[in-house]
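Taking it in order: structure first as structure tokens, then the write-up.
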Amino acid sequence: MKVLTTVILKFLSDGYKIISAAILFAAFILLFTYINIQQERYSYLIYLYGDSVSPGSTALIRILSKDGEVVTNPDIKVNGRKHDSHLINLNADLREIHLKVGSFETTFPIKYRYISESLLEARTPVQFSSAEISNLPSVPEAGERKIFLVPDPLKIVPEFETEVYLYCLSGKSVCNDEKIFINNIEKELKNGFTSYRTAITTDSSVNIIFSDGTSVTTQYPFYGRQLRFTTAENGNIVINALIETANVHIDCFQSGKWVKTDIVYVPASGLRLPDDYRHCDRIQASFNSADPSGTFAVYSRGDKRGVHVTDPYYSELFSNLEKFSGYAQERFLRSYETSYFIPLTTLFSGEVLEEKFLEEKSKKLSSLWWAILALSILSMIFFTFVMYSNINVVEGIDGELVTHSPGKQKAMLAFAIGFYTIVVAGLLYLLKNLA
């Protein structure tokens, strides 16, 4: 009987150790998994831009890191096949786009049906900001004459030499003056129209003097930034930047329809565009084909849809434009077309995938949190049971207590349980609010 009791007590003692070890191991696995999942981040966002979601249409791939940097030359695979272009064809078999940047790899589960089911918003051209309109100078007047300066492109970029067209109205007719002085340089005025070349440096003021002595000093109404197009003598189109610039998006349009976009590096000397851009009737340069944020340049050969003047500075000139020569009319229309940018539509936003990722991550973390809570409660019950079952009183030979009294042992157990509860509650709170 004594031997059986010893065996049972040893078995219980070993069982407690096994259960305790199992609880510790499970707690370690749960905490390790929770922290690993919590540290997972969506490092890159993928966007698809275009103007149609119909099968076979083209889309532009743009990949951004979470800190907003454009990934210049990513290794891309579409449906497992290497893809060497920023443009893809939207087909029904599209399943995924794989990205590799350095040692980092990820797969975006983009299916064609996600794109085809999206509602395309009508593209609203980007033109003048509210700040530009509110800071417009008044139309310069010299006596009864009104002067309109029309740079080509309309948003003149400082430091670049630019062709500027001057239109002069006197009442409701063109000015009959034959000469005009622009920044002390004499120019011939034909039917109220002339042109000159200038490069704005520190002083953007324009001094205009007529033969009868009347004069006015004015400024250009709109200013561009960083980028501009020029045409070489052989007819090639060149994109220029004030400083060497990477990740410049060059959009090609034909008859109002987007054809393609190249993402290029523009050296300080400028970049000649490929010959096929000669077939584009509108070419746009920006840092984001879907949202240029005011920094863009446009080259236009003429828009068949017609020009709508939307600013108060040129409205009077536009209403009297037919009084000038055909050449002067065409120069104004082409220049004004460069003032607006046609953005591409966002066909797919990487934020959708990020939201799904965060939802799945939240579900996993919630499940693990509740599992940790349940394990903590079970371990506390097990601890209480083991400790309570081991409460006993041992007396010495003279009857004095070798151990603490039962009441004191129970109080110590209660303190241990309270301390355990505080530690577990703190841990769970920390996990719940872990950034």
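The values are calculated or read from the model by the stated rules, or taken from the named source; none is laboratory data. In this text the structure is predicted, and so the values were computed from the model without any measurement. With ideal geometry, Cβ positions are generated from the backbone for all residues, glycine too; neighbour counts draw on all protein chains shown. Side chains are part of the model used for accessible areas, which takes the heavy atoms of the whole protein and leaves out ligands, DNA and RNA. Shrake-Rupley method; radii C 1.70, N 1.55, O 1.52, S 1.80 Å.
Model label sites at H83 and V238, defined 7 Å from Cα along the beta-carbon direction, differ in position by 3.5 nm.
With the simple model of a label 7 Å out from the Cα in the direction of the Cβ, I133 to A414 spans 7.5 nm.
Near R331: Cβ cut-off under 12 Å, other residues only, Lys/Arg at +1 and Asp/Glu at -1. The net charge is -3. Over every Cα atom in the chain, the radius of gyration and the widest Cα-Cα span, Dmax, amount to 37.3, 133 Å. Sort segment 274-390 into rounded, prolate or oblate with this rule: let a ≥ b ≥ c be the square roots of the eigenvalues of the Cα gyration tensor; rounded if a/c is under 1.5, and if a/c is not under 1.5, prolate when a/b is larger than b/c, oblate otherwise. Since a/c reaches 1.5 and a/b is larger than b/c, the shape of segment 274-390 is classed as prolate. Protein-only accessible surface at a 1.4 angstrom probe places the residues F28, F193 in the order F28, F193, largest first.
Take the Cα radius of gyration of segment 255-298 and divide it by 2.2 N^0.38 Å, N being the number of residues; the result is 1.21. Using the Cβ-Cβ distance between S215 and R272 with R0 set to 45 Å, the FRET efficiency from 1/(1 + (r/R0)^6) comes to roughly 0.60.
Pairs over the 28 Å Cα-Cα cut-off, from the set K77/K356; K82/K363; K257/K356; K77/K361: K82/K363; K257/K356. Taking a ≥ b ≥ c as the square roots of the eigenvalues of the alpha-carbon gyration tensor, segment 323-363 is classed prolate because a/c is 1.5 or more and a/b outweighs b/c.
Sequentially through segment 283-297, phi angles give Karplus couplings (6.51, -1.76, 1.60; θ = phi - 60°) of 10, 10, 10, 6, 9, 7, 5, 9, 7, x, 6, x, 9, 7, 9 Hz, Gly and Pro residues having no value and appearing as x. Local charge for E105 was computed over the other residues whose Cβ lies under 11 Å away, with Lys and Arg +1 and Asp and Glu -1, and equals +1.
Dividing the convex hull volume of the alpha carbon atoms of segment 192-331 by its residue count gives 161 Å³ per residue. Residue separation of E121 and Y196 scaled by 0.36 nm, minus their Cα-Cα distance, works out to 22.9 nm of gained length.
Share of the chain's accessible area from carbon and sulfur, percent, 1.4 Å? Summing carbon and sulfur atoms, their accessible area is 57 percent of the total for the chain. At a probe radius of 1.4 angstrom, the accessible area of segment 119-255 per residue rounds to 50 square angstrom. Placing dummy labels 7 Å off each Cα toward the beta-carbon, the span from S57 to K356 is 2.0 nm.
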